[in-house]
Amino acid sequence: MNLIDCHTHSTNSPDGYNGPEAMVLNAIEKGLSVYALTDHCEINRWFTYEHYTKHSNPEDTYDFAHDFEISMRDNLRLQEKYSDRITFINGIELGQAQFNFGLASAVASDARLDFIIGSCHQVRGYDDFAFTDYSVTDAQELVNRYYSEVYEICRWGEFDVLGHLTYPLRYIEGNCGISVDMSMSDELIRESFKILIENGKGIEINTSGYRQKYGRPFPDLKYVKMFRDMGGEVISVGSDAHCTDDLGKGVKEGIELAQAAGFRYLTYFRKRKAHRQSI
Ligand SMILES: [Zn+2]
Ligand SMILES: [Zn+2]
């Protein structure tokens, strides 16, 4: 099987553990044919803390504008250095475009980028899903808001694949054991897929859930199959590794899941252009 990992982080993300060069070398060592480094770029924290006067958490990470430049500089250097050994993709995980679509469009139009994952880690008026206290938060309400803001992100559409759909379930179901009713969300997901398909955009199978308490990918077969059955053509697979140990983890299972949903190839991006790889 030709392995490919299109969602990973290095120390150019606030939560990454290994440097970008260590990540690329590990991808080469593991025999990956295509490898994307997609460090975080959170639109609601693009500026320095001082810019966000109403924010109450100075401990949080800000100034992603600065991190973005470092990430582009490092990735382009590594792309050049290892071009004969691996197809290395200069990507970003663009978080929370819905907080400022104008800014998100400006970032997404950067010609240095090969690939953009559009993600949602937080909705308006709430904390990041990872830092939310679910004992005092209405999880159902939060999930409903998540799908409605994901729908907004899809309508904006200036990315290549939608990142880890169903992501709040990592915390809500996986970590806290709270089950939520998806019947209301299913219609919004269907509408989101419709827009993605009309615009030639894709979704990713994020395999991080396999190695976490949740135990399933984001999203699982139900939604990957729904996307395919509706006519979706673009699917990518990524481990969402934040360290070399996790790089490539679950990708094989992710590819099998794509096949089970009816996909015959994965898609990766170079200079924002789609390339297919048979599976
Ligand atoms: Zn993410
Ligand atoms: Zn990620």
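The table that follows gives values for the structure above.
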quantity: Mean separation of Cα contacts under 8 Å (6+ apart) over length of the chain, as relative contact order %; calculated: 21 percent
quantity: Space enclosed by the convex hull of the alpha-carbon atoms of the range 66-112, per residue, Å³; calculated: 74 Å³
quantity: For the range 103-108, Karplus couplings with θ = phi - 60° (6.51, -1.76, 1.60), whole Hz, Gly/Pro x; calculated: 5, 4, 5, 5, 5, 5
quantity: Backbone HN-Hα couplings from phi across the range 207-220 [Karplus 6.51/-1.76/1.60, Hz, Gly and Pro as x]; calculated: 8, 4, x, 4, 9, 10, 4, 4, x, 10, x, 10, x, 8
quantity: The chain: calculated mean residue ellipticity at 222 nm from DSSP helix runs of at least 4, using -39500 (n - 2.57); calculated: -10000 deg cm²/dmol
quantity: Taking 120, 243 and counting other C-beta atoms within 10 Å, the order from fewest to most; calculated: 243, 120
quantity: Kirkwood-based Rg to Rh ratio, the chain, C-alpha trace; calculated: 0.94
quantity: For the chain, size of Cβ-based charge dipole, Lys and Arg +1, Asp and Glu -1, in debye; calculated: 1040 debye
quantity: Extension gain from residue 183 to residue 278, taking 0.36 nm per residue of separation minus the Cα-Cα distance; calculated: 30.8 nm
quantity: Farthest toward positive dipole pole in the chain [+1 Lys/Arg, -1 Asp/Glu at C-beta], among 83, 164, 195; calculated: 83
quantity: Hydrodynamic radius of the range 99-234 per Kirkwood, over alpha carbon pairs, in Å; calculated: 15.4 Å
quantity: Derived scalar couplings ³J(HN,Hα) [the range 272-279; Karplus, 6.51 cos²θ - 1.76 cosθ + 1.60; whole Hz; x for Gly, Pro]; calculated: 6, 9, 6, 10, 9, 10, 4, 10
quantity: Listed residue pairs exceeding 19 Å between alpha carbons, taken from 81/201; 30/252; 194/225; 194/273; 225/271; calculated: 81/201; 194/273; 225/271
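None of the figures in this text is laboratory data; all of them are computed from the coordinates on show. What you are looking at is a predicted structure, and each value in this text was computed from that prediction instead of being measured. Cβ atoms come from the backbone with ideal geometry, glycine included; neighbour counts cover every protein chain shown.
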